[in-house]
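These notes concern the structure reproduced below.
What follows is calculated from the coordinates using simple rules that are stated; it is not laboratory data. Bear in mind that the values here come from a model prediction, so they are computed numbers and not experimental data. Note: ideal-geometry Cβ built from the backbone for every residue, glycine included; neighbour counts use all protein chains shown.
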Amino acid sequence: MINSIRARLTLWYVAVFSVILVVSGFVVFSQLVESRFQRLDSRLELAGRVLAASLKHEIEEHEGKAPGEASFRSVLITIHQLTFPDQAVTILQAGRVVGQKPDSETRTVSPAAIEQSARLPLQSNPAHWSESGWRYSALRLPLPVHGQYTIISGESQLETEREVATLRQAFLLGVPIAVFLSALGGYWLARKSLAPVVVISQTVESITSRNLDRRVPILNPDDELGLLAQTFNRLLARLGTSFEQQRRFMADASHELRTPVSVAHTATEVTLEKPARTEGEYREALQIIDGQLRRLKRVVEDMFLLARADSGAVPLRPSKFYLDELLVDTARAARVLGEKFSVNVDTTQMQESLCCADESLLKQMVMILLDNAVKYSAPGGRVTIMLQHRGEYYDILVTDTGTGIPADAQPLIFDRFYRADTARSRASGTSSGAGLGLSIARWIAEMHHGELRLESSSSTGTVFCASLPVSSR
Ligand SMILES: Nc1ncnc2c1ncn2[C@@H]1O[C@H](COP(=O)(O)OP(=O)(O)OP(=O)(O)O)[C@@H](O)[C@H]1O
Ligand SMILES: [Mg+2]
């Protein structure tokens, strides 16, 4: 249980909350207690000061020492008894009790408190202390001629202690209840906020290669878990696309492999049906089988190259060479194919262009473009290869005078196994491929940090452009 984020969040929350609660509770509690005792002390101090003023007044201004003290005693019993009913008061001078007044419950200042007051320092500021459930305040009143008086006022602190006990009880009871409620609330909150995680993990758990179209539900697209769910969904979409590509690749590949095998098989079967055939018939059958095997070999080689390209297993072997020479050489090789299709293959005047790249891969790329240009041109057509410098790039342009690529097929021609005009492609016999040429050519251009694009295509011809960076020189 402690391993779940929910429980850990709750524990952290409760721990932090408890510390804050206990510390702030302690501070509030001590201040409340202090203020209760301060209130008690100020009541006692007030009583002491009023009595001191009264005593001073009686002695100094009216009667003289003995009559003044007597007059004060009667004021103490009458007026002061009414003014300070809850305080017991004793006035001393050099150990002699000048006067005293009990509190409303007729308790007087205890002898122990009187003793204690004698030990207090000689100062006019009142001193406060507690003793046997009472709170005392003692005040010195020095009169120049008549000597020094000590006024002790005291009050039971039972009431204050009771209030403090009630407060303490409230805290001792309130804190655990608050902590318990916060734990419940924290657990509920953590459970509620982490609920989408459970949903996400259950959904992701239920996704296999067969239901990659399922998506994680997004409860709130703006919070962190919503973003996580969206990230999962994007990942699922990418996985779905690549699974779909793989599936299509497998289906197309098996189709492409099956066709030549079944043509060769049929040719063999038909030939072997009769016990004896003429040499010409055998030769014809073998030619068909040879053609299909060649086609099969090409398709398998192209698929193998693409599979290795996908896994990054084709290393680039760069070397320095002149790109213009490579184009002239490749055009020469393509001329043989051009003659077969009655298509002219030309090169234009090219500038000397040193480059550093994988020569054999670049040759393969240019050959793929020339092969297409020748194959998809009508007899009497013309294929031209040009080399241009454009800023940081070499542009290799292959132009033909074929019938072009239909607009709706143009975005798809770089897809694996895609052929815009299947009938025509297949009809070209053994020279027709599987629709892998442009995928390989584009991959070669990208391997060299360049790009291959269809520049233009219309009913009068097509232009492909391969751009390669000059900087690799
Ligand atoms: N120069 C072109 N003119 C007209 N159509 C073209 C041209 N180049 C490519 N295409 C179209 O694009 C499709 C894909 O070309 P790609 O080179 O990938 O395959 P392919 O030539 O059919 O087979 P492969 O190259 O594997 O022998 C072709 O089938 C063809 O329809
Ligand atoms: Mg091709």
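Things to note:
- Taken over segment 48-142, the percentage of Cα pairs per 5 Å bin, counting from 0 up to the bin with the maximum distance, is 3, 13, 25, 25, 21, 11, 2, 0.
- Amide H contacts of Gln157: Trp134, Arg135, each under 5 Å away and 5 or more positions distant or on a separate chain (H built 1.01 Å from N in the peptide plane; Pro and chain starts excluded).
- For Val98, nonlocal amide neighbours, meaning residues 5 or more places apart or on other chains whose placed amide H falls under 5 Å from its own, are Ile91, Leu92, Gln93.
- Estimated translational diffusion coefficient (Stokes-Einstein, Kirkwood radius over Cα pairs, 25 °C, 0.890 mPa s) of segment 185-263: 163 µm² per second.
- In sequence order, segment 335-351 has phi-based couplings of 4, 4, 5, x, 4, 4, 9, 6, 10, 7, 10, 10, 10, 9, 5, 10, 6 Hz under the Karplus curve 6.51 cos²θ - 1.76 cosθ + 1.60, θ = phi - 60°, and Gly or Pro positions carry x.
- Whole-Hz couplings from phi, Karplus 6.51/-1.76/1.60, listed for segment 141-158; x for Gly and Pro: 10, x, 10, x, 9, 9, x, 9, 9, 10, 10, 10, 10, x, 8, 5, 9, 4
- The radius of gyration of the Cα set in segment 315-472, together with its Dmax, comes out at 14.8, 42 angstrom.
- Segment 164-230: chymotrypsin sites (Phe, Trp or Tyr not before Pro) in DSSP coil with no more than 16 other Cβ atoms inside 10 Å: none
- Calculated SAXS-style log₁₀ I(q)/I(0) at q = 0.06, 0.08, 0.09, 0.14 Å⁻¹ - the chain, Debye, Cα scatterers: -0.57, -0.75, -0.85, -1.25
- Charge dipole of segment 224-308 (Cα centre as origin; +1 on each Lys and Arg Cβ, -1 on each Asp and Glu Cβ, all else neutral): 240 debye, rounded to the nearest 20.
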